[in-house]
Every structure is written in structure tokens, then in C-alpha cells.
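Shown next, in C-alpha cells, is the structure this report addresses.
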Amino acid sequence: MSAARLVERLIQLPLVLFGVSVVVFLMMTLTPGDPVEIMLADQRATEEQAQALRRDLGLDRPLPERYLIFVGNALTGDFGVSFFHRRPVFDVISERLPATIELTLVALLIAVAVAVPLGVAAAVKRDSWLDRALTAAALFGVSLPGFWFGILLILLFAVQLGWFPVGGRIPFDAEVPWVSGFLLVDTLLAGRPDAFLRALSHLALPAITLGLPAAALLARVIRSSMSEVLAADYVLFAEAKGLPRRRVLFLHALKNALIPAVTVLAIEAGSLLGGSMIVETVFGWPGLGRVVVEGIFARNYPLVQAAVLLYAVIYVTLNFGADLLYAALNPKVRL
Amino acid sequence: MSAPLLSVRGLRTVFPTRRGPLAAADGVDFDIAAGEALGVVGESGSGKSVTFLSVLGLIRPPGRVEAGEILFGGRDLRRMPAPELRALRGRMLALAMQDALSALNPSLTIGTQIVETLRAHGIPGDPRAEAVRLLGRVGIPDAARRLGDYPHQFSGGMRQRAMIAISLAARPRLLVADEPTTALDVTIRAQVLYLLDELRVEDGLAVAMITHDLAVVAERCERVMVMYAGQVAETGPTAEVIARPRHPYTRGLMESLPRLDQPDRPLHPIPGQVPDLAAVDAGCRFRNRCALAVAACAAPVPLRDVGAERLSRCIRAEEVS
Amino acid sequence: MSASLADAAPLSPTALALRRFLRNGTALVAAAVVVLAALLAVFAPWIAPQDPTDADLFRRLCAPAWAAADTAAGYWLGCDSLGRDILSRLIHGARVSLSVAAMVVCIAAVIGTLAGLAAGYFGGWVDALISRLVDTLLGFPYLVFAIGLMAMMGPGLHNIVLALVLKEWIFTCRVVRGETLAAREQDYVEAARALGCSPGHIMLREILPNVLSPVLVVATFRMAYVIIMEASLSFLGLGVQPPTPSWGSMVSDGREFLVDAWWVSTLPGLCILALVLSINLASQGLRDAFDPRLHQSS
């Protein structure tokens, strides 16, 4: 990617964010059914109450105006009130988001930690059994329904072997004061290594469910970019200089092979974010995805709307971050 | 003549292809003495690069050196354990490549790429100071400040010289220079070649100069080795070989090239095509393009002594003129 | 170039591709599995041994035939928590998976192809508009987008199809746009334009036939993904509603009984995996058959 392409992406970013906000707005306004009716369906509301709610939600105004109000509120962190929780949506989300981010980050870490050595090994030994196994694993990775994989892991490692808890994030007796919202951090800050280990054991299965299929895919990407790089003249030249094999592989080759992998990694991170909704449901992980799924059945529209917008903004930002990182890693792109 | 620095006998390097094994180098014999410059000429695909990558032990799988003896300082590199050969690479045998842009790692600084070579071979002294000295020696101005530059920040000529500085960093005894000056302009080319001459005289560096450029060979190399279709066609003192070729291919090669001293001489490209290396027989490989070919050329032709330190793989060597 | 090829071999590119596909053993077996699943889905009412909605608490969670001695006879794969026959529910579940996937992929392919043709051929503001729309939709994680729409529209077969189509068309669109941009520069398009053919004629008669094989390959690959998406939505309770059986909701139903009745959750998941894997393998075979170069470079 050239510097010009980067500038193009920089201009695109606000456009895409604008588009995303419009789509989220339309999603909630143009869909069939009157939201007020649905929201009040379970309560015997009078027509006046319905009118009042409509006015409160601004539903009586023209669409463009409603959109501007929506965006204006969103920019100030005002996503309305979650009736179900009787609290501002913003508070509910900021309470749940760390759990989702923690899960996704650890899954990403697992994906990278598994994919890099396997991808490199498969590239070095092409057409070996490892290479073939990796090809098969990548196919399984894209064909495996995540929710079912999670259930299999629960069945084997939690129910049968009892190595890990069935679900949840941390037991009550290991709770620690909220500092960052990331339990792996907070337990250590609280000086509770026991709680850290218990948090880790709760995190293990969901993170593996999320991370392992992604690892298979990522390993394939690294394998192909690595085999391309291994054929490059500069790898031959590095070997001709008599450098240790490790340095040739992991510095000269891998540093260049990882540049295209970073883009894939960011896209993977985004799909992990989507997949986390499923995994959180399977494992009873108290993150944003679970609260959204619950919110759907509670007809908690402001919460769902805010969460969808948030997921999309994170996703778009991640993709943009990948382009920046690509540019930063690649010395040929100078800003 | 004392024992040569490098002595290669019966080298055969094979690459498997869909149509069967392809011997890119097949029965190659040659010697290089310390401080000597050997020119290696031949068309692309003649096996000159493969021969020297085999010497360096850098043939990539699935290709492999199938047979032969590669004696360097009296030891057979083919029988040497991999770590030992690795330690020798860069330190004793070095490689300079045709295109520095692709030979230098785009994501590491020039400084890193020199210093790592010095460190890998435990060269004493401050590696940074030595790196600056090396870059200065190949004529890169303000070398201390350019250590932090990436290859793409160097100009083409500077890159090529920096690459040669890296190759020579650990003071090897033999430099395999694969078309090292093709991409350079005339002044810089002269500079690089002069540097190599200097090192040969001062340090006894031996140079194997792989090139298309007969002019460079004529000017810089005492001896020349002409390769064709994976075999040595002819070797001998350069001036002798050019004046009186002892192989029809050498002669054809020279007639196909323009000459500065006779600009109006008509050029005669060699008719026909290089044979398919996956489908050659034991006979002379040039006979399908050769004006002197006779029935006996279908029998195996050894590299034989044709006098005055010259070898030729032609049964009618004496008739070539 | 295409003319000289045609002279050398009388077979059309499609026939050649078909021949390559038929020589690919793995892809052929995979395709057979997909066809089998489709037949099961179409003839489900006649094939299924039991009524998939027939509940009987006496058969509650009875084990598959091979797993225990005291199971209900004729219920080969056991029963779920309401005593419904799992085998019959699996066979009927194939209907939901395959019909949703087929509908989504077909509709998305048509919309995506038309949008891609228009964007690639007209360029300018048409392209800018369509491309920005594609960029915007790419800005949503797939599942988040589908869940958001399903949340608003409510569950149900038609809404699933609508929600997935709204995201799915962009994948075809991107491919077709690229192919159209390339085709625009070709001589046959130039010639058609010089002859005064209308843009509609050029797009549909000249360019469209040349983008059909990539569209087909993309569509088959996407079908695998759509099946997983439908199953995921059903798993979350946003899919077809009970008592209609779908594989995703069957997995979800069995979660509470993992300890006592592992088969309730695992068997439908296995079906999803087998079907998706087969579609992916068949798609790979199809891609390699249509574009042998891709196979070598990968």
C-alpha cells in the first residue's frame, strides 16, 4: 500500500463512519412495526402514554432531524435509557464492554500464538504432514459453527474432565474491586493471584472457542506469505552471510511475512468481535454480546442500537488501524 | 601450482520437475586459486549460478547436490556438518548478488545488515565502527549517518556497493559475485571492480565473477570458464580463450557480441536453441547448434586438456578457429 | 486468445471446467454429500421416520439406538427434551438450512451482480454510490449486522433471508465490479460500444456471460458461510420459530442437558459441520476447475 492509498483511507474513514451511523439509524427506524407498540406490548399502556413515549423518543419528527439528534446524542455518549436495567445505556455498555474486549484480546493472542509458529513451520517444510494438517485445519476452522465448537469443549473439558468451569467469568468468592474492568488485570492489582488463576480458568474455554478456528485461518495466511518471502533473494543473501538459521527465519523472513498478515489479523479481530456474541451466549460470559442478545428478547432497542453502532465503530477503527500498522511496519511507505 | 583454494570435481545438482529430474549443473570441474579472478560466462540457464550456489550450499529443496566433490582449503564442503558450513559462509565464502534491491532486506536498516554479519562471525572490534569503515571503503559518503537508512533510501549504485560491503564484511577468502555490476553505471562499475582488484592484491581474495559481460572478464579476470547447458565448455587464460577459442560455443558466443574495436563487424547469433536439460543425452550438448558436429559427437565428451592450461569439452577442439 | 484455444480444443471453457471438476475425487464426494442433503431436505416428509414435532415426554431424552439398551424403538438417534425424534428433526432441519442458504445466495447473487455490473460499467457517481454502500456494509461484523436487523424485524424465515441478503450481496458485487472493470477494456466490449449497443445490452449480453463463473464460485463459497450464519441466528433464538426444527436451535435446546444427553446438542452440530465442510470442499473443487491458475498459486 502506498502513502497515497493511506491518505485515501484516511478520507474514507469518516465517510464509512457516517454510512455506518446512517445504517444503524435506519435499521431501527425503517424496520416494520412500531417500536413504541412493541416496547409497550407487555404493559397496558393508554394511547396518551404511547404518544408521550413517541414524543420522548422523538418519533414524531422528520427522519433527517431524528438522525441528527441520534448522532448528536451518540457523540456525547447519550444512547438513551435501558428500560430493562433502569439505567442509561451508556453505563450498561461501559460495564459490559471490558469483558468482551478481554475475551476478544485473549482469543486474538491465542490465534497469533498458535498461528505464527505453525504457519512458519508449514512454510519451511512445505508439503510435509504439518503443512497438509494445517490446510485441513483451516478448512475446519471456516466450517465449524462456533457455538457448537464451544459446546463440544464444554462437554469434554468441563463436563467430562472437569478441568475448567462450565461458564461464567469469575466465582463470587474471587471477586475483586473494579479498576480496569479486565479481570486478568484487576485480580493482579488487587494482589490476588488465586483470583487471577480462577479468572483465567473461566476465560480459557471461551477464548479457545473463539481463537482456535481463527488461528487455523491465520496460520494459512502466514504460511503463504512466509513461503513467498522464503523464496526472496534477501533470504538467500542472509543465508549466504552465514547468519544463524533462527535469525534468518524469525527476523529476515518473518518480519516481512507478517506485514500482509497484519491486515488479515485486523479483519480476524473484527470477526472475533462478532463471534464473541455467540461465544458469550454459550459460556454465559457477561459481556456486551450477551447483554445485546438478552436485550433483543427484552425489546431493549436503545441498548441494541447503541451496541450495534459500537461494534461497527470498533470494527471500522480496527480495519483502519490495520492499514496504519501496515504502513508503520513497511518501511517502503513513508508518510 | 600450489593447491587451489577451491576445487570442484564432478558437481551434479538436480532439480526434480514434472518431466523428471533436471541436472542444472552436470559434471562441473574447476579450480580457483587464492587471489585469482575467474570469469564465469554463459547464457542464462547455463548452470553458472547453480554451480556456485551449490558450492555455497544454498541450493533450495527440492533441488539438491547429487554428486561431486567441493574441496575448499582441502575440506569437502558437501561432507561438512550444516552448522560448520554455515559458519564458513560469509566468513570464508561470500556471495554478492545481481540486484541489491532484492538482496537487501527491505525492512532492516543497512547498519543492521552489516553489523549482524560481523556479529555472526565474531569479528573483533566495535561492529558499528567497522560497519562505517566498510561502507566508507566502498565509497559511500557520510557512512556513519547512513547506517540507520533502509535500503530503499539508498540510490541504486549505493545499494549495490553497500551489498558488496556486507558480502566482504567478514573478510572472506572467496567472493562469488553473481552479475555484481550489471545494474551499475560505468563510473560506479569501474569503482566496484577496482575495489575488488584491490582486495585481491592486498588480501588475496579470490573472486568468481559470474557475468554475461565478456568485456568485464577480458579486463579483470586472468582465467575464464565458459559454461553451456549445465557443463563447462571450455576453460583457460582469458586472453588465450578470446584470441583462440577451443570450443565452437565460445566462438559462437564471441561472434554474437558487438566489439568496441570493430564496431562494424556483423553479429552472428548462434542458431538454434539451448537443449531441454530434462531431456539431454550423454553426448555433446552443443551438437544440435554446432557447425562442426559429426556423428562421434553423440558419444560422451570429457573435458580434456588442449594445452597451455586449457581444457575443452569438444572432440574437434583443435579445429575451432 | 480465446479463439486460438477454441481451435485447439473443441470443448467450451465450461465443459473443460466440468471435466476438471469430475476428475477431482474429494470435490466429487463433497458434492455428493451436498446433493444427498438436498434430497433429504426436499423429500423430508417422506423420508423422516417420525413426525418431527411429535412430542412425548415418555421418550424424553432417550438415548440413540447404539448408546443404551432401554431406548425407544424406532428412534435411532434418540429423542430431545420433549421426546421428539432427533433423526426426523435433523432431516427436517436440513430444509431450513438449505432453503435459507439457497434463497439468500441466489437473491444476493442477482442483486450483487446487477450492482457490480452497474458500478463497474458506468463508473462515476454510480460506482461511487455503490462502492460507498459496500464500504459501509463492510464496516459491520457480519453477525452483528444480522443480529441488529433480526432484533428489529423479529425472528422468522423471511426476516432471516432479508437480513442475510442485505449483507451478502456485497461479496458478489465486489467480485463482479472488478471483473466488469477488466472486461470494459476488452476489445469485444469496445466493439459492441462502437456498434452502438445500449449499455443494458452490453452489460447483460456481453459482460455478464464472462462474469458468471466467478459469481458461481463466490456463491458456492458464500453458501457455506450463510448456513453457519443461519444456524448461529437460530442458535440465539432469532431464527425460525418452534416447533419448526432447525439445526441451530436444536443445538441450543440441548445445551441444558449436556451432562445427561450429549447427543441432543452434538448431533445437529455435526450435521452443520458435515454440510458446511462439504460445500466448502465442493466450492474449492469448483474454483480450481474454473480457474486452474488459482489452484497452483495457493
## Note on the structure
Expected single match for closer than 30 Å to A:GLY287 by Cβ, in the same structural domain as A:LEU118 (by TED's automatic domain parsing) and either at pLDDT 85 or above or of a type in the set (Lys, Arg) (or both) among A:LEU184, A:LEU210 is A:LEU210
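From C:ALA224, C:ALA119, grab the single residue that is aliphatic (A, V, I, L, M), closer than 21 Å to A:GLY270 by Cα and at pLDDT 90 or above.
Just one listed residue meets the conditions, C:ALA224.
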### Message
Given (1) touching a Phe, Trp or Tyr at 6+ places or on another chain (Cβ under 7 Å); (2) under 27 Å from A:ALA298 (Cα atoms); (3) surrounded by fewer than 24 Cβ atoms within 10 Å (Cβ to Cβ), identify the lone condition not met by C:GLU206.
### Response
(2)
### Residue among A:VAL279, A:VAL264, A:VAL292 that alone is assigned to a helix (DSSP H, G or I), within 16 Å of A:VAL106 (Cβ to Cβ) and in the same structural domain as A:VAL114 (by TED's automatic domain parsing)
A:VAL279
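Just to be sure before I move on: is B:ARG89 within 9 Å of chain A (Cβ to nearest Cβ) and either in contact with a helix residue (DSSP H, G or I) (Cβ under 7 Å, 6 or more places away or on another chain) or touching a residue at least 40 places away in the same chain (Cβ under 8 Å) (or both) in the structure I sent?
Values: within 9 Å of chain A (Cβ to nearest Cβ): yes; either in contact with a helix residue (DSSP H, G or I) (Cβ under 7 Å, 6 or more places away or on another chain) or touching a residue at least 40 places away in the same chain (Cβ under 8 Å) (or both): yes.
Yes, satisfied.
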### Task
Say whether the condition of being under 18 Å from the mean Cα position of the chain (by Cα) and either under 30 Å from B:GLN98 (Cβ atoms) or β-branched (Val, Ile, Thr) (or both) is met by at least one residue in region A:202-209.
yes
### Message
Could you list, ordered by first residue, the pairs with Cβ atoms under 6 Å in which the first is in region A:1-26 and surrounded by 13 or more Cβ atoms within 10 Å (Cβ to Cβ) and the second is of a type in the set (A, V, I, L, M) and modelled with pLDDT under 85, at least 6 apart or interchain?
### Response
A:LEU6/A:ALA327
### Query
Within the group A:VAL116, A:VAL159, A:VAL142, which residue is more than 14 Å from chain C (Cβ to nearest Cβ) and part of a helix (DSSP H, G or I)?
A:VAL116
### Message
Yes or no: region B:46-65 includes at least one residue that is more than 16 Å from B:ARG313 (Cβ to Cβ), in a strand (DSSP E or B) and not hydroxyl-bearing (Ser, Thr, Tyr).
### Response
yes
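Here's the yes/no breakdown for (1) facing another protein chain (nearest Cβ under 8 Å); (2) basic (Lys, Arg); (3) within 30 Å of C:GLY83 (Cβ to Cβ):
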| position | (1), (2), (3) |
| --- | --- |
| C:PHE221 | no, no, no |
| C:ALA224 | yes, no, no |
| C:LEU238 | yes, no, yes |
| C:MET250 | no, no, yes |
| C:TRP262 | yes, no, yes |
| C:SER278 | no, no, no |
| C:PHE290 | no, no, no |
### Task
May I ask you to list the residues in region B:100-144 that are acidic (Asp, Glu) and within 7 Å of another protein chain (Cβ to nearest Cβ)?
B:GLU116
#### Entry: Matching helices (runs of 4 or more DSSP H) fully within region B:176-263 where at least 1 residues are closer than 22 Å to B:ILE140 by Cα and not aromatic (Phe, Trp, Tyr)
B:186-203
### Qualifying residues in region C:138-161 (those that are under 18 Å from C:ILE107 (Cα atoms) and at the interface with another protein chain (Cβ under 7 Å from one of its Cβ atoms)) - the one surrounded by the most Cβ atoms within 10 Å (Cβ to Cβ)
C:LEU149
## Note on the structure
Note on region B:275-313: residues out of contact with any Phe, Trp or Tyr (no Cβ under 8 Å at 6 or more places or on another chain), within 18 Å of B:MET254 (Cα to Cα) and in a loop (DSSP other than H, G, I, E, B) are B:ALA291, B:LEU292, B:ARG310, B:ARG313
### Query
Within the group A:VAL159, A:VAL166, which residue is within 24 Å of A:LEU273 (Cα to Cα) and assigned by TED's automatic domain parsing to the domain that holds A:ALA137?
A:VAL166
### Query
Out of all the residues in region A:273-287, which are aliphatic (A, V, I, L, M) and touching a residue at least 24 places away in the same chain (Cβ under 8 Å)?
A:LEU273, A:ILE278, A:VAL279, A:VAL282
### Residues that are free of Cβ contacts under 8 Å to residues at least 40 places away in the same chain and in contact with a Pro (Cβ under 9 Å, 6 or more places away or on another chain), drawn from region B:31-79
B:ASP31
### Task
Identify, by number, the condition in (1) modelled with pLDDT under 85; (2) more than 13 Å from chain C (Cβ to nearest Cβ) that A:PRO302 doesn't meet.
(2)
### Message
Of everything in region A:84-113, what is assigned to a loop (DSSP other than H, G, I, E, B) and buried (at least 16 other Cβ atoms within 10 Å of the Cβ)? Give them in sequence order.
### Response
A:PHE84, A:HIS85
### Task
Among residues belonging to region B:68-117 that are among the basic types (Lys, Arg) and closer than 24 Å to A:LEU254 by Cα, point out the one that is surrounded by the fewest Cβ atoms within 10 Å (Cβ to Cβ).
B:ARG86
### Task
Quickly run through region A:114-142 and pick out the residues that are within 30 Å of A:ARG290 (Cα to Cα) and either hydrophobic (A, V, I, L, M, F, W, C) or at pLDDT 90 or above (or both).
A:VAL114, A:ALA115, A:ALA137, A:ALA138, A:LEU139, A:PHE140, A:VAL142
### Query
Which of the residues spanning region B:257-281 are more than 23 Å from B:HIS212 (Cβ to Cβ) and surrounded by 10 or more Cβ atoms within 10 Å (Cβ to Cβ)?
B:ALA278, B:ASP281
### Query
Considering C:GLY285, C:GLY269, which residue is surrounded by 19 or more Cβ atoms within 10 Å (Cβ to Cβ), facing another protein chain (nearest Cβ under 9 Å) and assigned to a helix (DSSP H, G or I)?
C:GLY269
### Selection within region B:1-37 - under 14 Å from the mean Cα position of the chain (by Cα) and within 18 Å of B:ARG313 (Cα to Cα)
B:VAL8, B:ALA25, B:VAL28, B:ASP29, B:PHE30, B:ASP31
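When the residues of region A:143-177 are narrowed to those that are among the β-branched types (Val, Ile, Thr) and over 24 Å from the mean Cα position of the chain (by Cα), which ends up nearest to C:CYS271 (Cα to Cα)?
To start, the set of residues in region A:143-177 that are among the β-branched types (Val, Ile, Thr) comprises A:151, A:154, A:159, A:166, A:170, A:176.
Subset that is over 24 Å from the mean Cα position of the chain (by Cα): A:159, A:176.
Details: A:VAL159: 22, A:VAL176: 42 Å.
This residue is A:VAL159.
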### Message
Give me the residue from region A:144-163 that is buried (at least 20 other Cβ atoms within 10 Å of the Cβ) and among the aromatic types (Phe, Trp, Tyr) and, out of that set, nearest to A:LEU288 (Cα to Cα).
### Response
A:PHE147
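The values are calculated or read from the model by the stated rules, or taken from the named source; none is laboratory data. Please read these numbers as outputs of a predicted model, since none were measured by experiment. Positions of Cβ are generated from backbone atoms using ideal geometry, with glycine treated the same way; all protein chains shown enter the neighbour counts.
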